Structure formats: structure tokens, C-alpha cells
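Since the structure comes first, as C-alpha cells, the remarks are kept for the end.
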Amino acid sequence: MTKAQTLRQFRKAGFEDNKLKRRIFRQVSHAIRDFNMIESGDKVMVCLSGGKDSYSLLDILSTMQKRAPFHFDITVVHLHKMQPGFPADVIPRYLEEKGADFRIVSEDVYGIVKGIIPEGKGGCSLCARLRRGIIYRVAGEIGATKIALGHHRDDIIETFFLNLLYSARLKTMPPKLKTDDGRHIVIRPLAYVRENDLVRYAQMRQFPLIPCTYCGPLENFQRAKLKTLMQQWEKEFPGRSGSVFAALSTIVPSHLLDGNFFDFKSLSVKEGTPDSSIRPDDEDDVSAFLQQADDDY
């Protein structure tokens, strides 16, 4: 490869990196604005786990903090779960180098989960509940007004399908959430950002990533299986995941089946307005059909 070719490749890589950064920052800015995630005077607690998503979230919000037309504070909280072999010095060193305001919370989450979940079984759900309780407690202790988590667009889509297929609910991770006790607001500024972009961003920024090894091989878990399925689906039908995500923002309650969100029982045709869908002489046939359907089921 000639020097000129090397230079062109270098310039192209720099162009692509800048394009990626602009796209991610634009998407995060839109999410913050669309859902009013961060306001003047907020104290945002950024939860840093050591993965690509939370590192990217902290990096992006820290940059935005310097450019924002209003003031807000950031405090980074890392929960050390006391897992054997975890490199506990990596995150504090990174945060010190960045000059961040941070707090390290050490809780034996690993020991609790191991003591309850049988060997070979997945403890992700219990681990998540324990982490959530600790995070909410710490948020109260430091006076945080917002709790920022690193969930991205793919997480939201996958959670929707997990609830749809395994819990029979139309539900996912909302970009902004008030906790059940009403004491905290949880925000997900990466809600519009694709996971693939975060992978590239983390590589570009060279974050000291620490993978979670507690769960062992992830291919045995429902979310990992669904993630693989979604990746195959997106490869075969590009843009489908984007359509699913857009659908989550375009709900039509009158065309679903939940009477708590749409008053089906009160629907009626105004007096004097003909109903073209059912003619008078069809009523007996319709009644017979409904009766037969009722008998069949």
C-alpha cells in the first residue's frame, strides 16, 4: 500500500468516525428533548457498569454538559458486585483520569445471587432486581434528580418482544420512567441509538471495557437468543427493527383489544346514520354466526 493510499484510508476513517459521533450525539439530543430527560439544575446519576453502553453514555453526557445552554451536574456511580476476579481498579482509575465526580458502591450482589440461584441456572433477573434496589437507594443518598441508564434502541426492541412472547404484554423499556414509589426518575438517553453504533463508538473512544462474566455462556438465555434472531431478521430484511421501534411510538389503542385504554363498550352509530357494514336483513345471520362462534369456543 502506497503512502497516498494509506493517507486516504486514514482520512476516510476519520470522516466515518466524525459522522458516527455526530449521528449519536444528534440522536441523544433528540431523545433528551423529546422526553424532557434533563432539565436545568438536575443532578444526573450516571450508572457505570464497565460495558460499552454505560461508558458511551457517560462520555456523551459529559460532553453535552459542557455545551448545554443550562447547568446540570453529573455524578457517576459504579456498583462493585464483589464478583471474584473482577478488575476493581479499572473504573476508579478511568474516572480519576477524567476528573469525574464519582462514587464506588461495594455490595455482595454476587454472593447473594449465588446463595439463591442453583448452579447452572441464570441469575440475571435476580441480579438486576438487587442492582436496581441499590441504585435507587444510592440515588436518594446523593440527592440525584435523574438516574441515567445505558439502555439503547436494540434493548428496547428486544424487551418489547420478550414481553410479547413470554409475558403476553405490550410493554418495553420506556425512555423515561417514574419509579413505583414515586421517588426517582429513570432516563435512557441512548434510546434512539443502535447497538452497532455504540460498539463502533466504544472502539473509537478506546474505553477500558469490562465484560460481565457472571452469567457464563449467554447463548442459553432468552434475550441472547432473541438478539440473534433480530440480527438475522435485520440482515434478511434491512430496516425491520427500525419499523418495530417506530411502531412503539405510534400506538393506536382503538385498533388493539385493551378496554382500559379505549372505551369499546360505548361505541355506537349516531341516530339516523346508516351502518353500511351490516344491513338489516343480515342481522339474523350475524347473530347466528356469533352464537356458533360462542359454542365453538
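Bear in mind that the values in this text are calculations on the coordinates, not laboratory data. Keep in mind the model is a prediction, meaning the values are calculated, not measured. Because the Cβ atoms are built from the backbone with ideal geometry, glycine has one as well, and the counts that use them run over all protein chains shown.
Brief remarks follow.
- Backbone HN-Hα couplings from phi across the range 179-185 [Karplus 6.51/-1.76/1.60, Hz, Gly and Pro as x]: 5, 4, 7, x, 8, 9, 10
- Sorted ascending by nearby beta carbons within 10 Å, beginning with the fewest, Glu39, Glu234 become Glu39, Glu234.
- Long-range amide H partners of Ala148 with built H, under 5 Å: Met45, Val46, Cys47, Ile187
- 14 Å beta-carbon shell around Pro69, net charge (K/R +1, D/E -1): +1
- For the range 29-72, diffusion coefficient by Stokes-Einstein and Kirkwood Rh (Cα), 4 °C, 1.567 mPa s, µm²/s: 116 µm²/s
- Exposure proxy order (Cβ contacts within 10 Å, fewest to most) of Ile112, Ile135, Ile157: Ile112, Ile135, Ile157
- Per-residue 3J(HN,Hα) values for the range 227-244, derived from phi via the Karplus relation 6.51 cos²θ - 1.76 cosθ + 1.60 with θ = phi - 60°, read 4, 4, 4, 5, 5, 5, 4, 5, 5, 7, 10, x, x, 5, 5, x, 5, 4 Hz in sequence order (x marks Gly and Pro).
- Close amide H contacts of Arg103 (hydrogens built in the peptide plane, cut-off under 5 Å, sequence separation of 5 or more or a different chain): Val76, Val77, His78.
- Paramagnetic reach from Asp17 (point 7 Å along Cα→Cβ, amide N under 18 Å) across the range 60-104: 60, 63
- Full-extension gain in nm, Glu39 to Leu248, via 0.36 nm per residue minus C-alpha separation: 72.8 nm
- For Asp73, Asp89, the sequence from fewest to most other C-beta atoms within 10 Å is Asp89, Asp73.
- Fraction of beta bridges assigned by DSSP in the range 9-216 that are antiparallel (%, nearest 5): 15 percent
- Full-stretch length increase - Leu164, Phe237 - with 0.36 nm per residue and alpha-carbon distance subtracted: 24.2 nm
- In loop segments of the range 224-263 as defined by DSSP, the chymotrypsin sites (Phe, Trp or Tyr not before Pro) with at most 12 further C-beta atoms inside 10 Å of their C-beta are Phe261.
- Mean silhouette area of the range 9-216, derived from the convex hull of its C-alpha atoms and averaged over all directions, reads 13.3 nm².
- Extension gain (nm, one decimal) between Lys98 and Leu177, 0.36 nm per residue minus Cα-Cα: 25.5 nm
- For Met204 and Asp89, a Förster radius of 25 Å and the Cβ-Cβ distance give a FRET efficiency of 0.55, rounded to the nearest 0.05.
- In this structure, the pairs whose alpha-carbon distance is over 24 Å, taken from Lys66/Lys98; Lys19/Lys43; Lys146/Lys225, are Lys19/Lys43; Lys146/Lys225.
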